[in-house]
Every structure is written in structure tokens, then in C-alpha cells.
Amino acid sequence: MRWTWAWDLDSDPGLDPDSASALPVYWEGTAEFFDGRQAKAHVIIVAIGPQGLEVREGEAAGLYRRGEFELTERGGDDRFFSLALKPHAGAALAFRERPEALEWLRAAGLLRRNAWSATPLWGRALILAGFLIVFGAFMYFAGLDMLVNATVRALPAGIDHLLGSSATQAFESKLIKPPTAAAQRALDKSAAMVHTLRPGLRDSIRILIVKDTSIKNAFAFPGGAIVVYTGMLHLLETQEEWMGLLAHEGAHLHLRHGTRRLVRGSLLGLGVSLLLGDMSGAGSVLLDNAGNLINLNYGRRDEAEADAFALETLRAHGYAASGLQTLFRKFLKFKELPGWAAFLSTHPATRDRISAMKDAGKGPHGLLLTAEEWAAIKRL
Amino acid sequence: MSNEFPPNAPASEEPPASGDFHGKGGDLFLLWLANSALTVLTFGIYFAWGKARVYKFFYGNTEFAGSRFRFTGTGKEIFIGTLKAIGLIILLYGLFFAGTYLQGRYKLKAAGIVVTLIFFAAIVFLTQFAIYATMAYRASRARFREIDFRLAGNPLLFARDSIPRLLLALVTFGFAFPLYTHWKIGRIYDNLSFGNLKFAWRKDAGAYWRLAMQGYFLSILTVGVYYFFWLPKRFAFLLDHLSVGGCRFRGEIKAGETFVLALTNLLLVFFTLGLGSAWAVTRSMRFFISRVELENPSRLEAALQVGSRKAGVTGEALGNALDLGVGLGF
């Protein structure tokens, strides 16, 4: 049974039977024609020449010029491709195992050649990897900081308070209330010192003493809460060490390190999820851990920055700045990660921190508390 | 045409048509890499176009009865749909947080419980809505031999009808879940059509439930070994109950080859730290698609294009945002 065109050849703007037979031919072969109305394939003869794509079935023939047909998505496989015939909505020619036809269509300039798809696989991989490396390097060295700074600046200080308040609630049951007026006065004076280390801090400082001698630690929450465990208090021998400790934790508040860490973590998480796209499994774990390592690196940088801030501001206010260094010397007896694994640590190596403070003993020697107040703190 | 399930076909001289998948792992990996790079460089905006490219890759490389599928969706529509889905989710979470805030502020414990229940009910409802809408979108953007697929039916009604079935699954501690799955597959296939040719699903809830129970319990008892014997049974069951335009599907996979596929994919992904996922995916696609057969495939040629009504993309984007892995288990 003879197949008939689904449209009228003579009146079709895309078909030109008179000019079709006069074309020189680069390639000739068969393709399946679908008219877009029924799922039946019609095998027809196709010829590619300089003027366009000639299609023939029996005595009917026609010509589609450049722009009257376009390549549909092939899924990356040149062995199969189809051409949508624009003058006839839904109609298409499907080519199976005819990669040379596609090459001829491109060589004849009948299809726009996509420079990207023409690049070999390894070339595309290299270009993309290069882009990612350059972009990653920019983000690592400058871009992430810029984004974090801009975001933190845009966040009102009230956010810090909101972030910190829920975290400090966890300690409420273990808090020690200052038992004497001297202890209360000492804590008030200490909080005031932290607040005035640098102007502009909107948080009100609260120093919370948590009863747990097994933990030798202190930290600051966004919003102004500085938590000191009694384990850390017992480690302190001098008032200078107390001041150094508070100045260090105060630096985290002045510099909004807690908020910055949260923003940075969120941005890194967002970046990783964007990067993952459709990837899953071990690849996602790998990238996720890379994000965590980057965050740890920034964490170590924050600690070093807080050390420097503490030294500088204590001196500027006439206080003794040697305490932080002597306190760190006590940390030397605690086990740390070996040097080769320093990248896994949340803090810089203690030896490095001490050596960065070699001039800490120089400068003013002012103290904050009276002997009675300091003794009250030690008794907590 | 009706979507009556056809009787066993009489002996036919026409050989069954089979499927094939031509996608290469290297191409998919490159596609993922390109999508990741461009998505990062455009701060996430490109993801919609990247997703369209991934769909085009999978559809364009899937061949059946000598013809390829084609994805006709666009990145632009996915992007717009995603914005709408995000807006919907933000609205939902906003209502939830407003409710919990008011509960905390005015100490309305009962109101808090109601808000929480409404929130989770809304999530479950939206999830079911998104499952159907995702399938509707994917079907309406699938073209084969220049004829479009279509999933009729209303996702809202699907979500409404799925809730009692899910509740039943909940109160039976999951024992009734296979009944929901069976109903879901049937609901989708009974509404699916290729042009004017309708798909049909032969309902056999009892057999499916027994098959599912057998799979769960024997897989547990055999520390997972039985799973590789169960998977071929399920694959054959699903295909054996499915037809399109009066042509029945069938398919067979063997336990041994399923196990080898799973093991080699696992090793491939593990030893490449995940980078081999693209190859694992394309190998699996090839494995399953090449084992699907359709009897009397020439009947597909009778399919006529009907209308051009397209399903919206918001539901699909919602499914993506809710991280649903929507599929029918093949």
C-alpha cells in the first residue's frame, strides 16, 4: 500500500518538489518519518545536500531548508537522532544507526554546530573540572568569607540572641548562683570588662558558671552568654588567666564567630547540596565531609583570631595580657591530635597558640578584680 | 478505547518487542558534572535546566520496539514549577511555625497539638499529591514515535483516596502497605495512555500482598539473600499485570544476574568513592529495560495523538522538594 503524505505537498511551504531533484547529494539513506498524528513509522528516503534535506517517498519529494528542521535531544547518543520538521507541528524524521547523516548535516551547515557537544569527552571533563577548581579556590580563599560577612552584616544582632538563648537553656539546671556578694560583684565586673573590650557590642554579657569539674572548657554562645565549667575554673591559678579566658571568649562574641559559624555551615551545606545535584551515595558523603573539613579550618582560624583579639584589647584597656599564654601552657599536658592530623582539629595546636603570644608578658599589668573578688571566683 | 485487560494473546507470528537503554555511564557522569558546575556557578538557578537535561538523557536513550522516547519538557517550566513548590512549602512551614509560636506565647497546648497534626496531615497529603503529579508530569512530557503519553485523573483525588489506605497501613503496622502499593500502581496505570491507547492494570491485590509479605519476611529470615529471588518475581508480576492498547507486557530477570548486578554496582560505587554512581545507574537501567517485552507491538502503530493538554510541573517540583523517589518499582 502506498503511503501518502499527511499534508498537501504542493501547498506546503517547507517542500519544494521542483528543486529537490536537482540537488547534489552528500549523503543518502533511509529514515523513519512520523507525522505526529499516528504512531506509525513510514520509511522514506532522505538525501542531504547543500541546500537542505530532501525527502522522497515514491514520486513525492520535497526539500526542507536550513531553519526548517531542528535536532531534537538525542540523550548524547549520535547513533540515534531525530529531526523535528518545523512546518508540520509534531512531525519528525528518526535516524537509526546513521551517525554519518548527522555529521553531514553539520558539515553542510544545515544544523548549528554546538561547540560544546563537538568537544571530546575528556576535553569537556577538563574544562568543567577547571571551572570547578577555579571557582572552588575562589570560594575557599575569598568568596565564602565575602558571603559570610555580607550575610552576618545583614543579620540583626537580635538573631544572635535568638540563636544563643535556646542553647543556654540546656545548662539552666546546672548553673551555680553566686553564693556571695563578692562573687556576684566579680562576675558583674568581669561581664562589664568583656562588654567594653571593644565598643559596638549590643549583646549584654552573662557569665554562666556550670557545675562540672570533669570538663575543663569554656565557650561563648551568640547573644552574650559565656559558659565556664568549674573544671576550667579549678585549672585557673591567677586572675590574669581568668581575664585572658574571658577576653578570648568575649572575642568570639564581638566578632560574632558563633553566628558566622552557623551561616558558614549553612552556606557550605547549600553549596554541597547544589554541587551534589543528582549525585548520591558515597559521593555525597565525600563532599559532605569536605564541607565539614572546610568548616573546621575556619573554626581554627576563628580561635587564632580570638586569641589575637584578646591580647590586643586587654592591653588597650591597660589589663595584663599574659594570662592566656600561661593558661595555654597548662593545656600542653592534655592530649592533642598529632601534627599531621591538625586539619581535623577544632582548635589550632596549643604550641602554635603559645608561640603566637610570645610577647604576651609585655605591656600593662592592670588587674580587674580585688583579691577578695578573685578568691570568691575561685571558690565557686 | 477501553482499558480492559486483554486475555492471553493467541499464538502470534509477530515477535515481541523488547526495550533497550543506550545511555553511557560516562555521558551521565559528564552530565552530572556539568550540571553541578553550572548549578554552583549560577547559585542554584541552573538546576532546573540541568534536571531537564537529565530527563532528556534518560528518555532519549530509552528504546522500545526500535524507537526512542523523547522528553519534551523544558528547564524553564521546571524552574517556574520549583518556585511555586518552594512558595507552597514556605507557606506550609510558615503556618506551622506561626501555630507553634502562638501555642508557646499563649500556652495553648491543645492548639499546638492540632497545629502539629494539621501540619503532618498536610505533609502526607502533599506527598501523595506530589506522587501522582510527578507521574502525570513525566508522562505528559514523554513522547514516543511523536505521540504523547498522558496520565489523566486528578492528583488531589488520588491524595484523598490514598489517605484511608495509608491509615490502614499505619494501624496494621505496615501489613496493609502492599495493598496501598497495589492500589497506587493500578490507579496510575489505569489512567495512563499512549495517545489514544490506554494502559490497563489487572488487579490482583491478594496475590500482590502475598508476594510482598513473602519478600519482606523471607528476606529478613535469610539476611537479604531471598531479596534477589524475590525481585525477579515482583518484576515479572508487575509486567504480567500490565498492558497497553491490548498488548501485554512481560519480562523475566534471574536471581543470579540480579545479584551480580547489585554486587558489581556496589563495588563500583564503593571503590570509586561514589563517582561510579553514573555507571551503576546506566547499567541498572540497561539491565531492567532490556528485559521488558511487549507482545504484538505492531498494535502500537494504531496510537493516535489526542489533544495537547499538559500536566503542570509544580507537583513534580514539590515531589523533588519533599525528596520523594517517585517510581513504580521497576
Final fewest-first order of B:Tyr137, B:Tyr93 on the 10 Å Cβ neighbour count is B:Tyr93, B:Tyr137
Placing +1 on each Lys and Arg Cβ and -1 on each Asp and Glu Cβ in the protein assembly as shown, then taking the dipole about the Cα centre, the residue among B:Phe229, A:Asn149, A:Leu367 whose Cα reaches farthest towards the positive end is A:Leu367
Per residue of the protein assembly as shown, what 222 nm ellipticity follows from adding -39500 (n - 2.57) for every DSSP H run with n ≥ 4, rounded to the nearest 500? -17000 deg cm²/dmol
Cα-centred dipole magnitude for region B:42-82, charges only on beta-carbon of K, R (+1) and D, E (-1), debye, nearest 20: 60 debye
Under a crude label model (7 Å from the Cα following the beta-carbon direction), how far is B:Ala236 from B:Phe97 in nanometres? 5.4 nm
In terms of the charge dipole of region A:17-117, which places +1 on Lys and Arg and -1 on Asp and Glu at the beta carbon, the residue among A:Ala115, A:Gly36, A:Ser82 farthest towards the positive end is A:Ala115
Structure shown: which of A:Lys174/A:Lys333; A:Lys40/B:Lys310; B:Lys76/B:Lys254 lie over 32 Å apart, alpha-carbon to alpha-carbon? B:Lys76/B:Lys254
Would you mind ranking B:Lys184, A:Lys358, B:Lys233 so that the residue whose beta carbon has the fewest other beta carbons within 10 Å leads the list? A:Lys358, B:Lys233, B:Lys184
Karplus ³J(HN,Hα) for region A:357-372 (6.51 cos²θ - 1.76 cosθ + 1.60, θ = phi - 60°; Hz, whole; x = Gly/Pro) runs 10, 5, 9, 4, x, 7, x, x, 10, x, 10, 8, 10, 6, 4, 5
Would you mind getting me the FRET efficiency between B:Ile123 and A:Asp359? Use the beta-carbon distance for r and R0 = 56 Å, nearest 0.05. 0.40
For A:Arg379 and A:Asp352 in the same chain, what is the full-extension length gain: residue separation times 0.36 nm, less their Cα-Cα distance, in nm? 6.5 nm
Using a simple charge model, +1 on the beta-carbon of Lys and Arg, -1 on the beta-carbon of Asp and Glu, nothing else, what dipole does chain B show about its Cα centre, in debye to the nearest 20? 860 debye
Return one quarter of the surface area of the convex hull spanned by the alpha-carbon atoms of the protein assembly as shown, equal to its mean projected area, in nm². 40.2 nm²
If we count other beta carbons within 10 Å of each Cβ, what is the order of A:His42, B:His241, fewest first? A:His42, B:His241
What's the longest piece of chain B with no exposed GluC sites (Glu not before Pro), counting a site as exposed if DSSP puts it in a loop and it has at most 14 other beta carbons within 10 Å? B:14-251
Work out the FRET efficiency for A:Glu103 and B:Asp20 from their Cβ-Cβ distance, taking R0 = 25 Å, and round it to the nearest 0.05. 0.60
Modelling each spin label as a point 7 Å along the Cα-to-Cβ direction, I'd like the A:His234/A:Phe219 distance in nm, to one decimal. 2.1 nm
Grab the Cα-Cα distance for A:Glu70 and A:Ala118, subtract it from 0.36 nm times how many residues apart they are, and report the gain in nm with one decimal. 15.6 nm
What does the C-alpha gyration tensor say about the overall shape of chain B? Classify as rounded when a/c is under 1.5, otherwise prolate if a/b is larger than b/c, or oblate. rounded
Report Rg (one decimal) and Dmax (nearest whole number) for region A:172-212, counting Cα atoms only, units Å. 11.7, 33
Return the long-range amide H neighbours of B:Asp148 (sequence gap of 5 or more, or a different chain), with a cut-off of under 5 Å between placed amide H atoms. B:Gly195, B:Val306
Using a 7 Å offset from Cα along Cα-Cβ at A:Arg329, what residues in region A:237-251 end up with backbone N under 17 Å from the label point? A:237-245
Can you list the HN-Hα couplings for region A:54-62, worked out from phi with the Karplus curve (6.51, -1.76, 1.60; θ = phi - 60°), rounded to whole Hz and with x for Gly and Pro? 9, 10, 9, 9, x, 8, 7, 8, x
With a ≥ b ≥ c taken as the square roots of the eigenvalues of the C-alpha gyration tensor of region B:191-312, please select rounded if a/c is under 1.5 and otherwise prolate if a/b is larger than b/c or oblate if it is not? oblate
Of the DSSP H helices in chain B, those whose Cα atoms cover at least 30 Å axially and whose Kyte score averages 1.0 or more: B:109-140
Suppose we take every Cα in region A:17-117 and form the convex hull; what volume per residue is that in Å³? 97 Å³
Diffusion constant of region B:210-249 at 10 °C, which comes from Stokes-Einstein with the Kirkwood Cα-pair radius and 1.306 mPa s, µm²/s: 145 µm²/s
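Read-outs: derived from the displayed coordinates by stated rules, not from any lab. As the structure is a computational prediction, the values presented were derived from the model and not from experiment. All Cβ positions, glycine included, derive from the backbone under ideal geometry; neighbour counts span all protein chains shown.
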